[in-house]
1. Which of the residues belonging to the stretch A:70-112 are of a type in the set (Val, Ile, Thr) and surrounded by fewer than 16 Cβ atoms within 10 Å (Cβ to Cβ)?
2. Answer yes if at least one residue in the stretch A:92-108 is touching a Gly at 6+ places or on another chain (Cβ under 8 Å) and closer than 30 Å to A:Pro210 by Cβ, and no otherwise.
3. If I filter the stretch A:479-500 down to residues being surrounded by 23 or more Cβ atoms within 10 Å (Cβ to Cβ) and among the β-branched types (Val, Ile, Thr), which single residue comes out as nearest to A:Gln251 (Cα to Cα)?
4. I'm told A:Pro444 meets every condition in (1) away from chain B (no Cβ under 11 Å); (2) in contact with a helix residue (DSSP H, G or I) (Cβ under 6 Å, 6 or more places away or on another chain); (3) crowded, with 21+ Cβ neighbours inside 10 Å except one. Can you identify the failing condition by its number?
5. For the stretch A:276-285, indicate whether the set of residues that are modelled with pLDDT of 95 or more, farther than 30 Å from A:Pro474 by Cβ, out of contact with any Cys (no Cβ under 6 Å at 6 or more places or on another chain) and crowded, with 23+ Cβ neighbours inside 10 Å is non-empty.
6. Restricting attention to the stretch B:133-144, report how many residues are in contact (Cβ under 8 Å) with a residue 12 or more places away in the chain and within 18 Å of B:Phe168 (Cα to Cα).
7. Residues that are more than 25 Å from B:Asp76 (Cβ to Cβ), at least 3 per element: which helices (runs of 4 or more DSSP H) completely within the stretch A:276-375 meet that?
8. For the stretch B:231-260, give me each residue that is more than 10 Å from chain A (Cβ to nearest Cβ) and farther than 20 Å from B:Ile96 by Cα.
Amino acid sequence: MTGRRTLLLAGTILLAGLLGPMGRGHAQDMTIVWADDSNSDVTYDPRVTQSRHEEQVIVQVFDQLIAADENGKMSPWLATSWTVAPDNKSVTLKLREGVKFHDGTPFNAEAVKFTFDTIADPKTGSQGAVDMLGPYEGSDVLGPYEIRVRYKRPFADAVSSYTENELSPVSPTAVQKLGNTGFAQAPVGTGPFKFVSWEKGREVVLERNPDYKWAPSFSAVQGPPKVAKIIHRFIPNAATRVAALEAGEVQISDITPPLDTNRLADGGKFKATVGVAAGLPYGLLLNTSRGPFAEKPVREAFMTAIDRPKLSQNLFFGLAKPAWGPLAPSMAAYSKSVEAYYPFNRDKAAKMLEDAGWKVGANGIREKGGKPLSLYAPCLLEPDTCVAIQGDVKRVGIDLKVENVLKQKQDELIFANDYDVLPIRWVNNSPSVLTIPFTSANIPEPGKFKFNWARWADPALDKLLADAGSATSPEQASKLYTDAQKMIMDAAIFFPVHDQVQTVVHSAKIKGLRYAVGQWQVRLQEVEPAN
Amino acid sequence: MSAVAAPAPSTTRRPRRWRTLRRFVRHPGAFAAAVVLATIVILAIVAPWIVPYDWNETDLGARLGAPNAEFWFGTDLHGRDVFSRVVYGARYSISIGLATVTLSLLAGSFIGIVIGYAGGRIDEWGSRFIDVMLGFPQIVMAILVVSILGVGLVNVVLAVAIAGVPRFARVVRGAVLVVKEQPFIEAARALGAGDLRIMLRHLLPNAVPTLVVLGTLDLGNAILTTATLSFLGLGAQPPTPEWGAMLNSGREYMRYAPWTMMFPGFALFLVVMAVNLLGDRLSQVLDPRSVDRK
């Protein structure tokens with residue numbers, strides 16, 4: 001008995017000795033756990049989603065026609081080349097051969113046509129992709145690996161739209177077999193990881209796609225990923241995510257609180273990677289339809305009274321930079337001209353209010369015609385930022401009434417037009433995001449939830465944004481978006497506060513995390529052991 | 001608090017007043033509690049003259065600065081003085097507690113006396129209703145009321161008060177049922193006293209000792225419940241230095257600046273403990289069956 005046990009032990013040790021180094025070298029069983037701050041994911045169908053959390057899973061399971069690195073630099077992927085028609089109304093793509101979906105379906109022009117057609121079909125219920133697809137008219141299959149995508153109007157964003165997760169080709173056979181609802185629960189793409197299972201509110205399991213050999217050229221890992229399995233775990237509480245990371249239960253945590261990010265990164269056992277998300281930075285929309293903010297000088301004074309560099313330093317401990325315009329500086333369409341607007345100057349702000357007839361009254365709060373300069377700010381996003389702003393504007397005699405609200409209360413206030421200031425942010429890779437909060441068609445109405453919370457209607461701005469969306473060249477679009485950014489800042493309807501940052505902290509034992517374009521989702525295809 | 005609360009029940013028994021008070025303070029726990037509570041109440045009253053800084057002034061010191069000679073309790077995320085905020089917070093917590101208890105006490109006594117005195121079907125239905133209300137934990141009840149009325153300090157006071165009503169009503173009704181059958185009530189009625197007079201002059205004073213004890217015990221509870229609601233973001237809104245709200249805003253930075261949570265938490269603990277000790281002692285002193293009373 002004892003002898004046998006010893007033999008067994010010796011055998012085990014020998015085996016472990018043999019296998020140990022081998023296992024490490026090839027990382028055959030490497031599992032990484034991603035801690036995600038959401039637990040409300042509902043679909044992993046790229047054609048349907050509009051959630052940045054869902055896209056974190058989608059980005060591992062699906063590839064795009066055109067690859068974009070974290071800075072938006074494009075390179076061939078599922079499409080090997082593309083040609084834009086001179087009139088900007090169609091794009092012809094040559095597709096890569098030999099690519100297979102996870103269910104064995106070959107990837108070809110039919111699959112791309114199927115994907116785009118179903119996005120345009122209202123029955124699919126697309127929330128994000130349908131906007132990115134733009135004025136889509138239809139697709140012509142020119143050959144098994146050649147397709148022409150047609151648009152109703154010139155569409156300058158066409159090529160860059162093919163880099164979006166939302167327009168990832170989906171497996172037509174899987175959609176036909178599972179139906180749209182079934183596909184949302186069991187997505188099938190061509191990506192480096194295959195979907196395995198999803199336990200709602202707990203975790204999603206993905207496993208390596210062993211046939212993967214079509215990574216974009218910038219990828220350090222060509223061929224199948226080194227990671228065998230990804231567990232995407234939902235941990236909405238930030239402190240719990242950090243604790244799990246420190247305990248080694250998870251290897252990567254997203255949206256890590258700034259102080260923890262700095263502390264962990266300084267300790268040496270972890271590394272931080274900070275993404276500056278594309279889209280609308282965190283900022284305040286000022287309700288121009290009522291109260292003191294109906295007067296433009298008051299809005300300008302409000303903006304001038306706030307010290308943004310100090311505020312973002314104080315709240316984000318150096319991780320987020322102040323924002324100056326309605327687009328993130330990580331976007332190509334960002335115009336540096338916005339940086340001249342509303343620099344902090346407390347005395348000037350006070351004088352602007354004085355000149356506008358708002359005189360200091362009781363308790364240091366300004367008044368005009370017996371009405372106090374009181375502004376109501378229901379804060380759903382980042383109440384601490386609102387409190388910091390409250391402190392700044394109080395010094396020039398503005399009483400900002402901050403209230404922590406939940407989503408439902410905020411939405412009621414929006415319908416009732418009962419607010420003066422509302423914080424907003426929007427992760428989006430395209431400058432056309434500006435239409436969402438700034439065009440007159442998007443002013444909220446009772447029963448219609450929309451995002452022009454400034455309630456700003458300017459036909460010139462509407463036209464400018466529409467023209468930019470259908471510009472015939474990227475240069476022309478860029479010029480029009482520059483004008484739009486200036487027009488928005490001139491109108492003093494949006495107060496950009498700070499860049500949206502994605503603070504991902506990961507164990508120093510792994511490397512190779514790469515932000516997707518837009519710098520919010522992280523691609524895990526290149527992850528490998530650090531040594 | 002003690003000076004106000006203790007003599008109240010003995011208005012009809014003047015000679016006993018000082019003996020009750022003496023017996024009350026002789027207990028070391030109650031005495032300490034009285035001192036602590038008196039100190040906090042006085043601090044709250046004189047807050048504007050004694051706090052070193054404006055409680056709402058941002059960027060006074062470093063953000064999340066540790067306690068030092070300049071800022072005794074440290075500073076919070078916005079560089080505000082935590083000491084000044086905690087002292088001002090006493091004003092909110094104590095007055096909110098008092099307002100809440102007063103409201104539920106008044107409403108509860110009214111309901112209790114009416115249904116107890118009326119008897120019959122009114123009592124039956126009223127009591128069942130109170131039973132149902134008592135079935136909800138106070139905090140759940142309060143959250144329900146806040147979700148109807150909306151967030152904010154005033155609404156939280158109302159919510160916690162409403163949630164406290166059934167308990168007072170139940171106790172007062174019990175006291176009324178006992179007293180109602182006493183010969184002196186019959187005598188009063190024989191002398192021609194009306195219902196209202198009997199309720200106010202004869203029934204109510206007899207419930208006062210019970211109400212004082214219950215009210216004091218409930219005060220701690222009310223302060224804690226309002227703080228809980230503020231902690232959940234339903235009560236006091238920024239920048240109000242209510243203790244529960246301060247605990248909530250310090251939560252995220254607990255690891256780096258524990259003082260932003262520690263001091264408001266400690267203040268809350270002191271007040272609630274002092275009030276509860278006083279309540280316990282009051283219940284002993286005012287209980288006719290208490291051995292200690294002799």
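The values are calculated or read from the model by the stated rules, or taken from the named source; none is laboratory data. Please read these numbers as outputs of a predicted model, since none were measured by experiment. When we count neighbours, we look across all protein chains shown, and the Cβ atoms used for this are built from the backbone with ideal geometry, even at glycine.
1. We begin by selecting, within the stretch A:70-112, every residue of a type in the set (Val, Ile, Thr); these are A:80, A:83-84, A:91-92, A:99, A:105, A:112.
Matches in the stretch A:70-112: A:Thr80, A:Thr83.
2. So in the stretch A:92-108, the residues touching a Gly at 6+ places or on another chain (Cβ under 8 Å) come out as A:101-102.
Checking which are closer than 30 Å to A:Pro210 by Cβ leaves us with A:101-102.
Yes, the conditions are met somewhere in the stretch A:92-108.
3. Filtering the stretch A:479-500 for residues that are surrounded by 23 or more Cβ atoms within 10 Å (Cβ to Cβ) and among the β-branched types (Val, Ile, Thr), the one nearest to A:Gln251 (Cα to Cα) comes out as A:Val497.
4. (3)
5. The answer is yes; a qualifying residue exists.
6. The qualifying residues number 7.
7. Values: elements: A:296-304, A:308-316, A:346-355.
The helices (runs of 4 or more DSSP H) meeting that bar are A:296-304, A:346-355.
8. B:Gly250, B:Pro258, B:Trp259, B:Thr260
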